[in-house]
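Everything below concerns the one structure shown next.
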């Protein structure tokens, strides 16, 4: 049995908006998980790190990362420290994170990648 397509992010993120609109345009039913309101589920975070690596999940270009003090940024050195930061500050996660029906995980919005999976 396949799982539903789940898109994780925050609703006011432009990239998340584009991804959601694209999926809707393709007729793909997607469950949306707002990590600002619902938090980051620990099992999902563990699975994402296993699938794509913690380095890929941290958005180093985003406002949240840039607003961190240097010591906080320097402390993100491995999966455990990255996971702690992502749980404490979900906005530091690169968006959207999509868990596809086949169990695959992608980070960010790329129409070519999405087209291969829908």
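What follows is calculated from the coordinates using simple rules that are stated; it is not laboratory data. Predicted model only: the values in this text are computed from it and were never measured. We place every Cβ from the backbone using ideal geometry, glycine too, and count neighbours over all the protein chains shown.
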Looking only at the chain, where both bridge partners belong to it, what percent of the DSSP beta bridges are antiparallel (to the nearest 5)?
60
Ordered by fewest other Cβ atoms within 10 Å, a rough proxy for footprinting exposure, 16, 77 read 77, 16
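Tell me what the chain gives for mean residue ellipticity at 222 nm when only DSSP H runs of n ≥ 4 count, each as -39,500 (n - 2.57), the sum divided by the residue total, rounded to 500 deg cm²/dmol.
Details: 7 runs with 54 residues, N = 118.
Rounded to the nearest 500, it is -12000 deg cm²/dmol.
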Assuming R0 = 25 Å, can you tell me the calculated FRET efficiency for the pair residue 38 and residue 88, based on Cβ-Cβ distance, to the nearest 0.05?
0.95
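Is the C-alpha gyration tensor of the stretch 48-97 telling us rounded, prolate or oblate? Criteria: a/c under 1.5 is rounded; beyond that, a/b larger than b/c is prolate, otherwise oblate. Each step should come with its number before you reach the end.
On the way: a/c = 1.88, a/b = 1.26, b/c = 1.49.
Oblate shape, in that a/c is at least 1.5 and b/c is the bigger or equal ratio.
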Going out from 0 in 10 Å bins, what whole percent of all Cα-Cα distances in the chain drops into each bin?
13, 48, 31, 8, 1
